[in-house]
Amino acid sequence: MSKFDHARFRAQFPLIGKAPLNPNLVYFDNGATTQKPSAVIEAEGAFYSSANSNVHRASFSLAATATDLFEGCRTKLANYFNAEHVNEIIFTKGTTESINLVALSWGQTYLSKGDEIILSAAEHHANIVPWQLIAEKTGAKIKWAELLPSGRIDLEQFEHLLTNKTKMVAINHISNVLGVINPVREIVKLAKQVGAYVLIDGAQSAAAIDVDVQSLGVDFYVCSSHKMYGPTGVGVLYGRREILDSMPPYQTGGEMITKVTRERTTFNKLPFKFEAGTPNIAGVVAFSKALDFIEQFSLKGLSFKNELIDYAYRKLSEVPQLSFLAEGKPDIPVFSFTLPQHLQDISAVLDSKGIAVRAGSLCAMPLMQSKGIEGCIRVSLAPYNTFEEIDYLIESLKRVLASDDEKAPSEAQQDDICADEAIMRDKFKSAGSWDLKQREIMLLGKSFTRMARENRIDEFLVQGCESKAWVTVSESNGHYFFEGDSDARIIRGLLAIVFAAFQGKTQQEILAFDIKEYFDSLGLIKHLSPSRGNGLNAIVAYISEQLTS
Ligand code: PLP
């Protein structure tokens, strides 16, 4: 096998840049979506410029070209997953839709009161909520497979959950939080002993490891193109033919029919029965290129991934305050951990250094609950990532951890800050780069006078902030005064900025104040992540509401 040419591989991704370290973008959120290679980006454009037509229905040659390209992807996927028949591959808009399709269509056919569905403690919400809804509708019950300290499903406990009422086992192949491969073959074997069906959520595994649906013996396998170097808005449902044949359509309309009269409709055969309406044709065509790309660079068996895992695991383990969510090294380069600082504070500082990581519940709230935490930080790597980027992350994490030692402004300086919005404008004008502005916000958050703990109650909670934020408003002689607090230092910093604009003013002055111009002049909005930008707006909306209600 030829050696992996990392530089050549990285050069395929226009957003990442060629240098081993681009401090403006270190992309470590590959678990959410991978970056796209030029071949995929160009294929989508090329479809529109040279082959655009609807598929299946028209009787002219352009439509035949489009249909061939579209169906070519289906054939590739059937080979990719070693499906027995090409019509076992259904196009959806993503993993989420694929699971919804099965839960609704299969669930309404096969589930009844008292039946049992087994999920694992590490499922993505996409593989929980559709089952909860269908369980509610049908009277079925959900049972939970627990995890070993390594993060893998505990087979012994799983075996005890199985009964002759178990109708569906829906679990992930690789968790988006823990990055470990579940023993799917053993799970299928045990589930089949009680006659249960098995759906595997392959969102994190489909591009990472070899998947042979026949050899695994699964009934359903689902994944998303955008986590496989392909475009967004395209997903796959593999289902065994005889089961798909026995299931009713999920959505109805064009494409999925054979005949419609005023009285009734007969449905098309597989796979079209489940593909109502015009699909994301250009997306599917570009997805085809992504599958070629995975093969071209042998991405599934790449030994470089193991080098990345080893390096990142060793380096992260050297940060003493860091605590991983699972024991041991993961199987794919996905690392989830907590640190003593608030998640939002960590991700905000990393963001100011150009490092994109995920912070929060990672769409796996039940897993966070079972760990007794609100969320975690996830660093998820792809083979275009570099050792230099990992070093840069570690350096930046150490700076975050050290930032608690930074000197807060003196009390006199603090009074200045709170007294006047003009001082705030000056402060941010002199902090030129986003990195420096971010540091200012964190310092403001550090010196911010916190609320009495008894006031941190739901009554004063600002809805719309990702982290908890509380605000109280008081009035004296027609002038308004504000107190606030938040778990996250960055949000306390943002509160300080808002309060500096409003503190001690009249209702008329506050409502007339051009807050957008103020935030713009500080250079905040364009840099804040959507969640923190929304949080800032939520604080302002809350204050206006309090003044006008
Ligand atoms: N399942 C897992 C394990 C995932 O990681 C994700 C996305 O992060 C999903 C399901 C949902 O995928 P999508 O948003 O593409 O539908």
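Structure notes:
- Once the Cα atoms are used to define both axes, helix 281-296 deviates from the longest principal axis of the chain by about 90 degrees.
- The packing ranking of peptides 478-487, 329-338, 435-444, highest mean first, is 329-338, 435-444, 478-487, where packing means the average number of other beta carbon atoms within 10 angstrom of each residue.
- Here S521 and E395 are evaluated by their C-beta separation; at R0 = 41 Å the FRET efficiency comes out at 0.80.
- Residue-wise HN-Hα coupling along region 188-203, computed from phi with Karplus coefficients 6.51, -1.76, 1.60 (Hz; x: Gly, Pro): 4, 4, 5, 5, 5, 5, 9, x, 7, 8, 10, 10, 10, 7, x, 3
- The relative contact order of the chain, computed from alpha carbon pairs under 8 Å that lie at least 6 residues apart in sequence, is 15 percent.
- Relative contact order for region 279-341, counting Cα pairs under 8 Å that sit 6 or more residues apart, in percent: 28 percent
- Evaluating 6.51 cos²θ - 1.76 cosθ + 1.60 at θ = phi - 60° for every residue in region 433-449, the Karplus couplings come out as 7, 5, 4, 6, 4, 4, 5, 4, 4, 5, 5, 4, x, 6, 8, 4, 6 Hz, glycine and proline recorded as x.
- Whole-Hz couplings from phi, Karplus 6.51/-1.76/1.60, listed for region 28-45; x for Gly and Pro: 10, 10, 6, x, 7, 6, 7, 6, 10, x, 3, 4, 6, 4, 5, 5, 5, x
- The ellipsoid that matches the Cα gyration tensor of the chain has semi-axes, each √(5λ) in whole angstrom, of 46, 27, 26, with the longest given first.
- In degrees, nearest ten, helix 387-402 long axis to first principal axis of the chain (Cα): 40 degrees
- For V198, residues with placed amide H under 5 Å, excluding near neighbours: V169, D219, F220
- Fully extending the segment from N82 to N455, taken as 0.36 nm per residue of separation minus the present Cα-Cα distance, adds 128.3 nm.
- Taking the Kirkwood radius as Rh and the Cα radius of gyration as Rg, region 439-549 has a ratio of Rg/Rh equal to 0.93.
- Sequence-distant residues sharing a close amide H with E116 (under 5 Å, placed H): K141, T166, K167, M168
- Highest-first arrangement of 376-389, 312-325, 198-211, where packing means the average Cβ count within 10 Å: 198-211, 376-389, 312-325
- Per residue, the chain reaches -12500 deg cm²/dmol at 222 nm when only DSSP H runs of four or more residues are counted, each adding -39500 (n - 2.57).
- Nitroxide proxy distance, nm - points 7 Å out along Cα→Cβ at E327 and T548: 5.7 nm
- Relative contact order (%) - criterion: Cα under 8 Å, at least six apart; region: region 202-360: 17 percent
- Counting only Cα atoms, region 287-404 measures 46, 33, 26 Å along its principal axes, largest extent leading.
- When you work out D = kT/(6 pi eta Rh) for region 218-313 at 20 °C and 1.002 mPa s, using the Kirkwood radius from C-alpha pairs as Rh and the Stokes-Einstein form, the result is 133 µm²/s.
- Inter-site label distance for A402 and T75 at 7 Å from Cα along Cβ, in nm: 5.9 nm
- Relative to the dominant Cα principal axis of the chain, helix 489-502 is inclined by about 50°.
- Coordinate range of the alpha-carbon atoms in region 326-378 per principal axis, descending: 30, 24, 20 Å.
- Under-5 Å amide H pairs with N172, H placed in peptide plane, nonlocal only: S120, D201
We did not get these values from a lab; they are worked out from the coordinates using the rules stated. Please read these numbers as outputs of a predicted model, since none were measured by experiment. Glycine also receives a Cβ, built like all others from the backbone with ideal geometry; neighbour counts cover every protein chain displayed.
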